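**Q** What follows is a structure written as structure tokens; I'll ask about it next.
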């Protein structure tokens, strides 16, 4: 049996929280979560 594990890629490099406002950080986290959900929906 093959196991499936989707992954999300948040971009190239590190997204430092120091460079983002709390709103921007939360939005990025939400967007990555939505991308992961969309990936799971494909299986």
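The values are calculated or read from the model by the stated rules, or taken from the named source; none is laboratory data. If you're wondering where the values come from, they're calculated on a predicted model, not measured in any experiment. Heads up, the Cβs are rebuilt from the backbone with ideal geometry, glycines too, and the neighbour counts pull from every protein chain shown.
**Q** Please enumerate the residues belonging to region 5-16 that are loosely packed, with under 10 Cβ neighbours inside 10 Å and touching a residue at least 24 places away in the same chain (Cβ under 8 Å).
**A** Step one: list which residues in region 5-16 are loosely packed, with under 10 Cβ neighbours inside 10 Å, which gives 5, 7, 9, 11-14, 16.
If the condition is that a residue be loosely packed, with under 10 Cβ neighbours inside 10 Å and touching a residue at least 24 places away in the same chain (Cβ under 8 Å), then 7 is the only one that fits.
**Q** Given the conditions (1) part of a helix (DSSP H, G or I); (2) more than 8 Å from the chain's Cα centre (by Cα), report the number of the one that residue 43 does not fulfil.
**A** Answer for residue 43: the failing condition is (1).
**Q** Filter region 17-43 down to the residues that are touching a residue at least 12 places away in the same chain (Cβ under 8 Å) and either in contact with a helix residue (DSSP H, G or I) (Cβ under 8 Å, 6 or more places away or on another chain) or over 20 Å from residue 5 (Cβ atoms) (or both) and list them by number.
**A** 28
**Q** Does residue 2 qualify as being exposed (fewer than 11 other Cβ atoms within 10 Å of the Cβ), modelled with pLDDT of 80 or more, out of contact with any helix residue (DSSP H, G or I) (no Cβ under 6 Å at 6 or more places or on another chain) and not in a helix (DSSP H, G or I)?
**A** Against the criterion (exposed (fewer than 11 other Cβ atoms within 10 Å of the Cβ), modelled with pLDDT of 80 or more, out of contact with any helix residue (DSSP H, G or I) (no Cβ under 6 Å at 6 or more places or on another chain) and not in a helix (DSSP H, G or I)), residue 2 qualifies.
**Q** Also, quick follow-up: Those residues that are within 30 Å of residue 43 (Cβ to Cβ) and part of a loop (DSSP other than H, G, I, E, B), I need them from region 7-32; list them, please. Reasoning before the result, please.
**A** Taking region 7-32 as the starting set, the residues that turn out to be within 30 Å of residue 43 (Cβ to Cβ) are 7-15, 25-32.
If the condition is that a residue be within 30 Å of residue 43 (Cβ to Cβ) and part of a loop (DSSP other than H, G, I, E, B), then 7, 8, 9, 10, 11, 12, 13, 14, 15 are the ones that fit.
**Q** Only one of these conditions is not met by residue 35: (1) surrounded by 10 or more Cβ atoms within 10 Å (Cβ to Cβ); (2) assigned to a loop (DSSP other than H, G, I, E, B). Which number is it?
**A** Of (1) surrounded by 10 or more Cβ atoms within 10 Å (Cβ to Cβ); (2) assigned to a loop (DSSP other than H, G, I, E, B), only one is false for residue 35: (2).
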